[in-house]
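Taking it in order: structure first as structure tokens, then the write-up.
Taken together, the values in this text are just the output of simple stated rules run on the coordinates, not laboratory data. Not measured: the values here are computed from a predicted model. As a convention, Cβ positions derive from the backbone with ideal geometry for all residues, glycine included, and neighbour counts pool all protein chains shown.
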Amino acid sequence: MKVLVLGAGQLARMMSLSATHLDIQVSAYDVATQQVINPVTFEAHSASLEQAIADVDAITAEFEHIPADVLSVCQKTGKFYPGAEAILTGGDRAKEKALLEKAEVACAPYALITEKAHFLASIEELGKPLVVKTCQAGYDGKGQWRVKHDNEVEAIWQEMSEFLAAGTDTAPHAIIAEQMIPFDREVSIIGVRDHNGQCRIYPLTENQHTNGVLTLSVAGKEKSAIQSQAETAFAAIANELNYVGVLAIEFFDVNGTLLVNEIAPRVHNSGHWTQQGCHVSQFENHIRAVTGLPTGDTSLLRPTAMINVLGQDGIPAEVLSVTGVTSHWYGKTAKPGRKMGHINVSANSLHQLGERLAELAEILPEVDYPGIAQTSHALILN
């Protein structure tokens with residue numbers, strides 16, 4: 001079988017690597033260059049997008065911001081999963097909020113903004129502090145503002161108005177204002193739904209972000225009540241979309257109650273730990289689902305943490321001397337803040353995982369790898 005991935009980044013790369021032992025060939029369509037490439041070697045194919053689409057058994061996507069004409073062409077084939085609606089919903093916060101309401105899944109109170117009057121009304125209705133997000137083109141903390149004081153309103157509106165003005169009649173821009181919820185932590189759920197509507201869900205993951213970018217995830221420490229909430233939300237959203245493939249949902253944990261922050265209709269950074277922590281990784285399960293193969297076991301093999309490597313073109317060799325560590329690289333040129341790879345570390349218990357993270361904290365500088373030491377201490381004391 002053959003699969004075409006829309007997008008040619010690290011997620012397509014890891015899907016391709018996981019598909020090899022299933023005897024499935026994966027190619028990728030680079031939206032930026034409009035070339036079909038091998039997502040592991042980056043070698044360009046001579047085939048056009050139309051030829052690549054005709055040659056594969058299934059089409060999927062690794063990110064949400066795909067041109068509408070490409071989505072339309074793929075949707076018409078009947079072999080695009082999870083499908084254009086899911087991708088468009090994941091790439092537009094207004095559509096996402098509408099989906100959550102329809103699926104009856106809780107999120108923070110919000111207001112849609114397309115003009116200044118809406119912005120001022122949202123401040124009045126939702127109060128300050130207020131988090132404001134672009135509905136389109138925002139990711140990894142980009143396209144967001146925080147309104148904390150009255151004297152910030154005009155300057156922030158000027159930046160917002162520039163974004164709104166960049167929209168067109170066929171692709172209008174909008175902005176969401178959300179009540180800033182004091183939350184205890186950020187968690188996410190990764191699951192897979194097959195063509196028959198059957199769901200398999202991975203253990204909930206606790207995430208740490210720095211400047212809006214995921215830096216560290218830990219899986220294997222959740223209690224059943226929190227896991228159950230997340231699984232219920234996953235099933236409601238996935239069923240509403242008639243979803244096929246891996247879906248990620250990010251939550252705020254507010255005193256034990258989960259509120260959806262956002263969804264990602266694809267494999268996700270917070271699920272990279274599944275490569276070493278589970279029987280079947282999120283990448284393999286996504287390929288299985290979109291090609292109609294049975295999905296695999298998502299139960300936890302061992303507590304596992306994932307550390308993002310941001311902007312670094314290598315890691316100290318001593319990292320690989322720590323028991324339970326595996327490194328994964330994306331084949332990118334280093335740039336500040338760029339996701340270059342990740343480190344997975346597994347253990348037989350949370351206490352042991354904390355000890356291994358403590359070893360890594362001695363090797364990896366806190367400035368480049370924030371939160372490892374603090375997390376290690378918390379796990380050791382768990």
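Worth a mention:
- Legend: ranking of residues ILE181, ILE372 from fewest to most surrounding C-beta atoms inside 10 Å; resulting order ILE181, ILE372.
- Residue exposure sequence - HIS21, HIS268 - by fewest surrounding Cβ within 10 Å: HIS21, HIS268
- Note on segment 237-363: Rg/Rh from C-alpha atoms, Kirkwood Rh, equals 1.00.
- Radius of gyration (Cα atoms) of segment 182-230, expressed as a multiple of 2.2 N^0.38 Å: 1.33.
- According to the Kirkwood relation over distinct C-alpha pairs, the hydrodynamic radius of the chain is 21.6 Å.
- Around the amide H of ARG266, modelled in the peptide plane, lie the amide H atoms of ALA248, all under 5 Å away and 5 or more residues distant in sequence or on another chain.
- Its Cα centre serving as origin, the chain has a Cβ charge dipole (Lys and Arg +1, Asp and Glu -1) of approximately 520 debye.
- By other beta-carbon atoms within 10 Å, ranking VAL345, VAL367, VAL40 with the fewest at the front produces VAL367, VAL40, VAL345.
- Point-charge dipole on Cβ atoms (K/R +1, D/E -1) for segment 122-206, about Cα centre, debye to 20: 380
- Among ILE123, ILE175, ILE263, residue whose mean-square fluctuation peaks in a GNM of the chain (springs only between Cα atoms under 10 Å): ILE123
- Under 19 Å from LYS148, Cα to Cα: aspartates and glutamates that are on another chain or at least 8 residues apart: GLU124, GLU125, GLU159, GLU178
- Relative contact order (%) - criterion: Cα under 8 Å, at least six apart; region: the chain: 13
- Among the listed pairs LYS102/LYS223; LYS2/LYS79; LYS76/LYS102, those whose Cα-Cα separation exceeds 21 Å are LYS102/LYS223; LYS76/LYS102.
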